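The values are calculated or read from the model by the stated rules, or taken from the named source; none is laboratory data. Quick caveat: nothing in here was measured; it's all calculated off a predicted structure. Positions of Cβ are backbone-derived with ideal geometry, glycine not excepted, and every protein chain shown enters the neighbour counts.
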Amino acid sequence: MKTVAVILGTRPEAIKLAPLIRELRAHRDALQTEVVFSGQHLHLVRPILEFFQIEVQRSLDLMQPDQTLAALTARAMSAFAAVFAELQPAVIVVQGDTTTAMCAALAAFYQKISVAHLEAGLRTNARYSPFPEEINRRIISQIAGLHWAPTARAAAALRRENLPLLPGRIVVTGNTGIDALFDGLARIRALPPDDADCQRASDHRRSHPEAAIVLITGHRRENFGEPFRQFCDAIKETAARYPEALFIYPVHPNPNVREPVSRFLAALPNVLLTEPKNYPAFLRLLDLSDIILTDSGGVQEEAPALGKPVLVTRFHTERPEGIATGHVTLIGPERTAILEHLGRLLDRHRAGQRGLPPAFPYGDGHAAPRCVASLLDREVAEFAG
């Protein structure tokens, strides 16, 4: 029996790997699945694992307050090397573009362990946007022997790079984030989470049915400093212009985010600043919202499936498929752009032009079975190639 080590460390990784872990564990006759948690987002990940009923076999607890990328990378490399030497997996699975994923892939390469990459092939072709994720995923692509691309466009990006791969090693699967979304929505609609902020949003919807709810996320490293101050100032001015709207912002714990958010937004009556939400509560807010302002990658994928317009406060996106559907608009973090685009959507909402038809550029909710089928179809030993 072959051992598959699934590596996760951050909230998005936990969400997108949960459907794959459950699918892998449905094939216990062929595969032994070991989940390794780096602890990169220690307190944000555990509630997600509980929600999806995922058990972790190894916890590395790498998280440190306000840690640097260099320090995290050094600790992660050493920790993964020790874990892989003990587990001797036939293959490891990493997701996306985090420091956890890059370090695990490189540590596996050093021990000649095969790597499968979930959500492979995303590219902005701008090395510092997103930072450090664009380079992280390019490093993983050079190492991985099996690439699970979420879309045909992502697969085409990998083929253009002429990676030294055996035939059939790039597989278009859809995005497991949509698998998790459908599963999670069914659960929270049947039993809404017990969360005071979700209740406030729900009450606002009932008492002000024509008023917009704007869901905000923002945490990207490349936006720290002046771009983030402009982002907060634009939200402050927009909230004053549209007092009937409710702006909900689950605030990332990084002090580079918390300080300007508190300074600009804490005193506004129609801006609700919350602690980071666990996955069920965030899904509930996503479901209740009318407009989304974000720099998140995962939200760009989830919102089109719910018919939500999304404004992305980045200069580049590795997920252009949502732009093609008309659900996602790339606007950057600058104050004037946010005021213009967010104001336009709020004006449309005031005029009764609300919502968009759902679109599914990132998959149909069956990505995890496709991933596991491709893993079982070929000898894992070939991946190291």
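Key figures for this structure:
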quantity	calculated
Among the residues listed as Gln40, Gln32, Gln67, the single one being of a type outside the set (Gly, Ala, Ser), free of Cβ contacts under 8 Å to residues at least 12 places away in the same chain and either farther than 25 Å from Val251 by Cα or not in a helix (DSSP H, G or I) (or both)	Gln67
Residue under evaluation Val115, criteria (1) free of Cβ contacts under 8 Å to residues at least 40 places away in the same chain; (2) in a strand (DSSP E or B), criterion not met	(1)
Matching residues, segment 53-81, being under 18 Å from Thr33 (Cα atoms) and either surrounded by fewer than 13 Cβ atoms within 10 Å (Cβ to Cβ) or among the aromatic types (Phe, Trp, Tyr) (or both)	Gln53, Glu55, Phe80
Residue match in segment 245-268 (condition: modelled with pLDDT of 90 or more, under 24 Å from the mean Cα position of the chain (by Cα) and assigned to a loop (DSSP other than H, G, I, E, B))	yes
Those residues of segment 247-269 which are more than 26 Å from Ile48 (Cα to Cα) and surrounded by 17 or more Cβ atoms within 10 Å (Cβ to Cβ), in sequence order	Pro260, Phe264, Leu265
Any pair with Cβ under 8 angstrom, 6 or more apart, that starts in segment 133-153 at a residue that is in the same structural domain as Ser114 (by TED's automatic domain parsing) and among the polar types (S, T, N, Q) and ends at one that is part of a strand (DSSP E or B) and at pLDDT 95 or above	Ser141/His117; Ser141/His147; Thr151/Val172
